[in-house]
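For reference, the structure discussed in these notes is given below.
The values are calculated or read from the model by the stated rules, or taken from the named source; none is laboratory data. On a predicted model such as this, the values are computed, not experimentally measured, just so you know. All Cβ positions, glycine included, derive from the backbone under ideal geometry; neighbour counts span all protein chains shown. Heavy atoms of the whole protein, side chains included, go into the accessibility calculation; ligands, DNA and RNA do not. Shrake-Rupley method; radii C 1.70, N 1.55, O 1.52, S 1.80 Å.
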Amino acid sequence: MNSKKIAIIGGGNMGMALASGILQTKWATPDRIMIAEPLKEKIDKAKSAHGIKASHSNLEAATWADVVLLSVKPQIMSHVLDEIKPTMKDSKLLISVAAGVTTAQIEKKVGGKVPVIRAMPNIAAVVREAASAICPGKYATPEDLKTARHIFESVGIVVDVDEDLMDAVTGLSGTGPMYVFQILEGLSDAGVKVGLSRDTANTLAVQTLIGSSKLIKETKEHPAKLKDLVTSPGGTAISALHSLERNGLKAMLIDAVEVASKRSSELGAQKKD
Ligand SMILES: NC(=O)c1ccc[n+]([C@@H]2O[C@H](COP(=O)([O-])OP(=O)(O)OC[C@H]3O[C@@H](n4cnc5c(N)ncnc54)[C@H](OP(=O)(O)O)[C@@H]3O)[C@@H](O)[C@H]2O)c1
């Protein structure tokens, strides 16, 4: 159990998923987590569902905490940093999950030598299966990174990357659940097209994705090798593969990740000083 107090600014999807994950791993007790959030309903829900502290004031939450986790939209980061700046000191750790916003932008905004860590989780944090990447800013210590790793490991797996790769992470795994939802919706529709009920098609599509992912994770094989295993001569898989290649599935995915990465860096560039 850690002894630090954590303020999560922004009690939306990601903020609440992180609060819930931290509580489930018992890394912090409810009295050591505070959510700061404008909406009264969300404040009430955080208190009743998780027993954590909550406030309408970002400044109050940041003043109370040792670790301030920013989980607001990139577009309002600048405003929130202005609010909490008076209480930010070098002994407080600031962690941001905002897409595109760099540690240098945050450091400049809060001033001093406040340690900053940038993280990019994904929405699977809600079920504690997130893929997160973290990177330190100029003043963050190995101990700060350890704290951030604990937080994000409470909702899934964590990798360390250099900051110049954070937009790439945002394009791949930060945005990644959306690609998978689209693929699953397509497979489910396909199942219905070939005569299955919607329920059966969904169930089979989801389990096929989980099983195939687990196979890759556990065998550590390259996906191409596993693809070779399931494509028997003249069989169904090689016919389907031909169709996927003809329609450019892989090129589509590469394009999507590339535009999402570019969009992430644009969001950072748009942020006002
Ligand atoms: N969701 C994802 O898949 C995902 C993945 C990786 C990273 N992220 C990052 O996580 C951050 C939050 O995303 P999200 O999906 O959790 O968005 P969200 O559900 O919209 O949560 C943002 C929360 O911030 C609150 N908020 C708005 N203005 C505020 C203010 N001035 N002070 C404090 N809180 C304020 C919002 O309240 P209201 O609803 O009342 O406006 C909302 O509850 C973003 O920066 C995003 O880039 C998200």
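Exactly one condition in (1) open to solvent by 10 Å² or more (accessible area, probe 1.4 Å); (2) farther than 29 Å from S261 by Cα; (3) assigned to a loop (DSSP other than H, G, I, E, B); (4) of a type outside the set (F, W, Y) is not met by A28; state its number.
Of the numbered conditions (1) open to solvent by 10 Å² or more (accessible area, probe 1.4 Å); (2) farther than 29 Å from S261 by Cα; (3) assigned to a loop (DSSP other than H, G, I, E, B); (4) of a type outside the set (F, W, Y), the odd one out for A28 is (1).
Here is a check on your reading of the model: is L39 crowded, with 24+ Cβ neighbours inside 10 Å, within 14 Å of the ligand (Cβ to nearest atom) and among the aliphatic types (A, V, I, L, M)?
no
Can you say whether I95 is within 23 Å of V127 (Cα to Cα) and touching an Asp or Glu at 6+ places or on another chain (Cβ under 6 Å), as far as the supplied structure shows?
no
Test each condition in (1) within 14 Å of the ligand (Cβ to nearest atom); (2) of a type in the set (V, I, T); (3) over 24 Å from A17 (Cα atoms) for T203 and report the one that comes out false.
Condition not satisfied by T203: (1).
So, V126, is that one of a type in the set (V, I, T), outside any strand (DSSP E or B), within 14 Å of the ligand (Cβ to nearest atom) and in contact with a helix residue (DSSP H, G or I) (Cβ under 7 Å, 6 or more places away or on another chain) or not?
Yes.
What's the number of the only condition in (1) away from the ligand (no atom under 11 Å from the Cβ); (2) more than 22 Å from the chain's Cα centre (by Cα) that H50 fails to meet?
So the condition that H50 fails would be (2).
Which residues, counting only those in the stretch 95-118, are closer than 19 Å to T170 by Cβ and out of contact with any Lys or Arg (no Cβ under 9 Å at 6 or more places or on another chain)?
Across the stretch 95-118, the qualifying residues are I117, R118.
Here are A140, A148: which of them is assigned by TED's automatic domain parsing to the domain that holds L70, assigned to a loop (DSSP other than H, G, I, E, B), crowded, with 18+ Cβ neighbours inside 10 Å and touching a Pro at 6+ places or on another chain (Cβ under 9 Å)?
From the options A140, A148, the qualifying one is A140.
Going by what's in this entry, would I35 be described as under 25 Å from E129 (Cβ atoms) and assigned to a strand (DSSP E or B)?
yes
A quick yes/no check of all residues on (1) touching a Phe, Trp or Tyr at 6+ places or on another chain (Cβ under 8 Å); (2) surrounded by 13 or more Cβ atoms within 10 Å (Cβ to Cβ); (3) within 30 Å of S96 (Cβ to Cβ); (4) not aliphatic (A, V, I, L, M):
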site: L204; (1), (2), (3), (4): no, yes, no, no
site: K217; (1), (2), (3), (4): no, no, yes, yes
site: G234; (1), (2), (3), (4): no, no, no, yes
site: E245; (1), (2), (3), (4): no, no, no, yes
site: A256; (1), (2), (3), (4): yes, yes, yes, no
site: R263; (1), (2), (3), (4): no, yes, yes, yes
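Name the one entry in L18, L94 that is away from the ligand (no atom under 11 Å from the Cβ), in contact with a Pro (Cβ under 8 Å, 6 or more places away or on another chain) and not in a loop (DSSP other than H, G, I, E, B). Walk me through it before giving the result.
Values: L18 fails: away from the ligand (no atom under 11 Å from the Cβ).
Just one listed residue meets the conditions, L94.
Only one of these is at pLDDT 95 or above and touching a Ser or Thr at 6+ places or on another chain (Cβ under 9 Å): A61, A49. Name it.
After applying the criteria, what remains is A61.
Are any of the residues in the stretch 8-15 within 21 Å of K146 (Cα to Cα), away from the ligand (no atom under 11 Å from the Cβ), open to solvent by 20 Å² or more (accessible area, probe 1.4 Å) and in contact (Cβ under 8 Å) with a residue 40 or more places away in the chain? Give the steps one after another, and end with the answer.
Kept after step one, since they are within 21 Å of K146 (Cα to Cα), are these residues of the stretch 8-15: 8-9, 14-15.
From the residues that got through so far, the ones that are away from the ligand (no atom under 11 Å from the Cβ) too are none.
No, because not a single residue in the stretch 8-15 is within 21 Å of K146 (Cα to Cα), away from the ligand (no atom under 11 Å from the Cβ), open to solvent by 20 Å² or more (accessible area, probe 1.4 Å) and in contact (Cβ under 8 Å) with a residue 40 or more places away in the chain.
Please go through the stretch 62-81 and pick out each residue that is within 11 Å of the ligand (Cβ to nearest atom) and outside any strand (DSSP E or B).
A62, S71, V72, K73, P74, Q75, I76, M77, S78, H79, V80, L81 - these are the residues of the stretch 62-81 that are within 11 Å of the ligand (Cβ to nearest atom) and outside any strand (DSSP E or B).
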